[in-house]
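Enquirer: The structure under discussion is supplied below as structure tokens; questions concerning it will follow.
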Amino acid sequence: MSFKDILLTLTSYPDPTPASVADEAVAIAATFGAHLAAVACEVHVEVPGHFLSGAMVNIPGMIAGETEKSRNNAKAMLAAFDVAANKAGILRETQLEKCPTFAVPDLLVEHARLHDLTVVPVPESYDQWYAEAIIFGSGRPTLVLPEKPRARSFELGTVAVAWDFSRAAARAISDAMPLLEKARNVRVVTVINEKNLVDKHSAEALAKNLARHGIDVVLDKVDAAGRRIGEVLEAYTASHQVDVLVMGAYGHARWREFILGGATQSLLSRPPLPILFSH
């Protein structure tokens with residue numbers, strides 16, 4: 001198994017995804033020798049009719065202007081992506097979609113279901129609605145990237161796996177196998193004294209399973225010491241210079257409202273490094 005068909009989602013509104021994200025996605029695709037498709041949506045802002053009928057300002061004109069802004073952003077991002085991908089010599093394609101703002105998450109989920117891995121940037125300026133939809137709706141692994149440019153480019157030097165013997169953690173390890181097999185170092189971290197864990201199914205047993213795939217791991221246990229698990233994992237990845245964190249996504253969607261687990265919410269809202277989420 002390998003990641004051979006990767007999707008990159010680009011946001012055109014209200015702010016465009018920075019060009020650094022496309023560069024990082026290209027590096028990811030090059031690492032796996034994968035085809036990379038980039039999709040961007042030209043969004044159409046919708047305003048309730050009663051606002052339009054009673055408006056004193058030119059709201060239709062404003063809507064048209066915002067749509068044009070989104071269209072121009074989308075085209076510029078896809079063009080920049082094409083240049084970066086061509087320079088790296090990877091197989092790629094671009095897709096420009098059109099839809100109302102509220103329909104963008106569902107559209108991206110549909111695309112994500114047809115790819116091995118979806119790369120989703122998470123901006124600092126607004127919430128992670130698109131990433132949540134893809135993680136919980138695609139049925140495929142999602143690699144979340146911080147939108148803010150990082151000092152280090154993408155590499156697979158050290159990959160850490162958050163392990164708590166949950167279904168989500170087990171699913172994440174299975175989905176991340178192509179990534180774990182390419183990493184130079186793999187660490188399995190278990191946070192203790194944060195919740196009850198099943199001792200008889202320990203990280204040592206997981207290490208035996210991974211060893212049969214040719215993956216040697218270092219096992220770490222970190223005491224939560226009263227801290228939230230997201231805070232613990234963020235500190236751990238920083239101290240061990242982790243390049244990618246693998247973890248299960250906890251939560252479920254209730255119509256448009258996502259109910260997330262604590263670590264998922266903390267790390268997804270402001271990812272400090274690339275994180276492979278699986279649900």
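Read-outs throughout are calculated quantities, based only on the coordinates presented, and are distinct from any laboratory measurement. Since we're looking at a predicted model, the values are computed, not measured. Note that we place each Cβ from the backbone using ideal geometry, even for glycine, and neighbour counts take in every protein chain shown.
Enquirer: If amide H atoms are built 1.01 Å from N in the plane of the peptide, which residues on other chains or at least 5 residues away come under 5 Å of the amide H of ASP5?
Expert: Those lying under 5 Å, H to H, from ASP5 are HIS35, ASP116, LEU117.
Enquirer: Counting other beta carbons within 10 Å of each residue's own, what order do TRP163, TRP129 fall into, fewest first? Intermediate values should be presented prior to the final figure.
Expert: Numbers: TRP163 27, TRP129 13.
Ranked by crowding around the Cβ, least crowded first: TRP129, TRP163.
Enquirer: While we're here: Taking every DSSP beta bridge with both residues inside the chain, roughly what % is antiparallel (nearest 5)?
Expert: On the way: 7 of 49 bridges.
Antiparallel: roughly 15 percent of the beta bridges in the chain.
Enquirer: Stokes-Einstein diffusion coefficient for segment 70-188 at 20 °C in a medium of 1.002 mPa s, Rh from the Kirkwood formula over Cα pairs: what value in µm²/s?
Expert: This corresponds to a translational diffusion coefficient of 130 µm²/s.
Enquirer: Ok, one more. Can you sort ASP243, ASP82 so the residue with the fewest Cβ neighbours within 10 Å comes first?
Expert: Ordered from fewest to most neighbouring Cβ atoms within 10 Å, ASP243, ASP82 come out as ASP82, ASP243.
Enquirer: Need one number: nm distance between label points at MET1 and GLU110, each 7 Å from Cα along Cα→Cβ, rounded to one decimal.
Expert: Once both label points are built, they end up 2.7 nm from each other.
Enquirer: For the chain, what does the helix formula give at 222 nm: sum of -39500 (n - 2.57) over DSSP H segments with n ≥ 4, over the residue count, nearest 500 deg cm²/dmol?
Expert: Calculated at 222 nm, the ellipticity per residue is -12000 deg cm²/dmol.
Enquirer: May I ask which of LYS75/LYS148; LYS87/LYS208; LYS4/LYS221; LYS148/LYS182 have a Cα-Cα span longer than 31 Å here?
Expert: Violating the 31 Å limit, Cα to Cα: LYS87/LYS208; LYS4/LYS221.
Enquirer: Once you treat every alpha carbon in the chain as an equal point and sum by Debye, what is log10 I(q)/I(0) at q = 0.07, 0.11, 0.13 Å⁻¹?
Expert: -0.27, -0.64, -0.86
Enquirer: List the residues, sorted by chain then number, that are 5 or more residues from VAL122 or on another chain and whose placed amide H is less than 5 Å from its amide H.
Expert: Amide H neighbours of VAL122: LEU145, GLU147.
Enquirer: LYS98's amide H: which non-local residues (gap 5+, or another chain) put their own amide H closer than 5 Å, with H modeled 1.01 Å from N in plane and none for Pro or chain starts?
Expert: For LYS98, whose amide H was placed from the backbone, the distant partners under 5 Å are GLU42.
Enquirer: Please label the shape of segment 5-146 as rounded, prolate or oblate, based on the square roots a ≥ b ≥ c of the eigenvalues of the alpha-carbon gyration tensor (a/c under 1.5 means rounded; beyond that, a/b larger than b/c means prolate, else oblate).
Expert: Prolate, since a/c reaches 1.5 and a/b exceeds b/c.
Enquirer: Going by average Cβ density within 10 Å per residue, which order do the peptides 60-68, 153-161 take, highest to lowest?
Expert: Ranked by mean Cβ neighbours within 10 Å, highest first: 153-161, 60-68.
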